[in-house]
Structure formats: structure tokens, C-alpha cells
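J.: Shown below is the structure under consideration.
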Amino acid sequence: MKDFLLIDDHEIVRSGVKTVLLELFKPCQIFEASNEKEALEQLKARKYDLIIMDVQMPDTDSAGLLKNIKIKTPTARVLVFSMSAENLYAKRFMKLGAMGFVTKNSGLSELIKAINLALNNRKYISETFAEILAGEVGDEKSNNPFETLSSREFEIVSLIIHGKSLNEISDLLAIHSSTVSTHKSRLFEKLGVKNLPELLELARVFNLNFSV
């Protein structure tokens, strides 16, 4: 019997993936978490054949969570399933140890393919991500300024683009508003932008989709 852990703040997403897993793997046990705290509790309870996690969730440092998982259980198989920008997040999370990055816009067949590959200790790379990697061959350094941001700055820039205020970001990420302000100033400097319109334009230039 296989054990799966679904980490996603949207119940409807967890329910959909759960239905797929129950159909593919009979019998199996499926455990759920909606944020980092719940995920850590589930991870203490047992080991899993596969962990499927989102990128952007309230009260969650997803990159930090993945690092934690890989440190405590190096052999853990983790698949990222997210609406976050593949061209921005896939490389970062796969470097941290994820078996693959599947966008929620993908068809069901792609998700099933990724799950089966991960369970067989093989990496899943989408055609889109493969093209991104191929385009970087020979480049000494990526010219995408968003790749210079830290994991926390990634989260904050996404929320800013969604129109969230500093106080709203503070509440969502459970950090002090002054810390958010510091991160905002630093990431604006790194990106070379002075205001939100310039940030939005830069995001468009690099074809970033920050949907969640």
C-alpha cells in the first residue's frame, strides 16, 4: 500500500488529486495538509511514497519546507504541482530536490505521467521546461533578474503583483510588516525597478505568470 501526502491550501485541488490517486493506486492512503505547520506534523507521523506540494500557500515557506523535507529524509520523493510560473520556479525547486514541476494548467495525463515517473525515481520535465533548459545551454548566466531573488522575495513579489498591501502580505506570510517592507525595498533594488508599474512591466517582459 502506498502513502501519499498532499500539501495544498486549496481543498478542491487536494480533492481532485486525491481522486486521481485513489483511482490509480488501490489500495492507498492519502494524507493532507494546507500549510507548512500541518505538513510538518504529517511528516513527523510517517514516511510517504510521494509528496505532492504547491508553491504559494499562506503561512508557508515552500522552498524552506522542501529543504527541510530533503534534509530530514533525503530519499523523499517530492513533486511540485502549482499555478506558479514554471519558467521561474521549476529550476529553483528541482535544484532543491523536487522530482518535477507540474503546472495546474497541465492535462490530467501530464500529472499522471509525473506521478508515475517520480514513484520510479525518475525526474519529470515538461516540454516547456525542457525548452527553457535548452535555451540556457551555453549561457554562462541567466539574464532573468527574478532568478536573483531569495525564496521569500519570490513570494513577496508575487503577492505585490497580485495587488496585496504590505499589511495583507504580512498577515498571509505571518511576518512583521516592517520585514515585508525591507524585503520589498531589497527586491525592487535587485530587479532595478522603482514602482509597481515598472515591476509589472518587467514581469511581462519575462513572460511571468504569477497566478495562484
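The values are calculated or read from the model by the stated rules, or taken from the named source; none is laboratory data. Every value quoted in this text rests on a predicted model; they were computed, and no experiment measured them. As a convention, Cβ positions derive from the backbone with ideal geometry for all residues, glycine included, and neighbour counts pool all protein chains shown.
J.: Lys37 fails exactly one of the following numbered conditions: (1) among the charged types (D, E, K, R); (2) more than 21 Å from Leu21 (Cβ to Cβ); (3) surrounded by 14 or more Cβ atoms within 10 Å (Cβ to Cβ). What is the number of that condition?
T.: That leaves (3) as the condition not met.
J.: Further question on the same structure: Within the range 43-66, can you find the residues that are farther than 26 Å from Asn116 by Cβ, of a type in the set (S, T, N, Q) and either part of a helix (DSSP H, G or I) or at pLDDT below 85 (or both)?
T.: none
J.: Residues to consider are Lys37, Lys18, Lys44; find the one that is free of Cβ contacts under 8 Å to residues at least 12 places away in the same chain and either of a type outside the set (Lys, Arg) or assigned by TED's automatic domain parsing to the domain that holds Ser84 (or both).
T.: Within the list Lys37, Lys18, Lys44, the selection yields Lys44.
J.: Given the residues Lys104, Lys184, Lys113, Lys123, which is the only one that is in the same structural domain as Gly16 (by TED's automatic domain parsing), over 22 Å from Ile69 (Cβ atoms) and at pLDDT 90 or above?
T.: Lys113
J.: Quick one: in the range 162-196, of everything that is out of contact with any Pro (no Cβ under 9 Å at 6 or more places or on another chain), aliphatic (A, V, I, L, M) and not in a loop (DSSP other than H, G, I, E, B), which residue is surrounded by the fewest Cβ atoms within 10 Å (Cβ to Cβ)?
T.: Here the answer is Leu196.
J.: Sticking with this structure for a sec: Restricting attention to the range 117-132, and to residues there that are surrounded by fewer than 13 Cβ atoms within 10 Å (Cβ to Cβ) and of a type outside the set (D, E, K, R), which single residue is farthest from Asp49 (Cα to Cα)?
T.: Top of the filtered list is Ala130.
J.: Can you tell me which residue in the range 133-146 is nearest to Leu88 (Cα to Cα), limited to those that are at pLDDT 70 or above and loosely packed, with under 10 Cβ neighbours inside 10 Å?
T.: Among them, the one singled out is Asn143.
J.: Let me ask something else. Which of the residues that make up the range 47-75 are in contact (Cβ under 8 Å) with a residue 24 or more places away in the chain and of a type in the set (S, T, N, Q)?
T.: Gln56, Thr60, Ser62, Asn68, Thr73
J.: Out of the range 79-138, which residues are aliphatic (A, V, I, L, M), free of Cβ contacts under 8 Å to residues at least 60 places away in the same chain, under 26 Å from Glu23 (Cβ atoms) and part of a helix (DSSP H, G or I)?
T.: Of everything in the range 79-138, those that are aliphatic (A, V, I, L, M), free of Cβ contacts under 8 Å to residues at least 60 places away in the same chain, under 26 Å from Glu23 (Cβ atoms) and part of a helix (DSSP H, G or I) turn out to be Ala114, Leu117.
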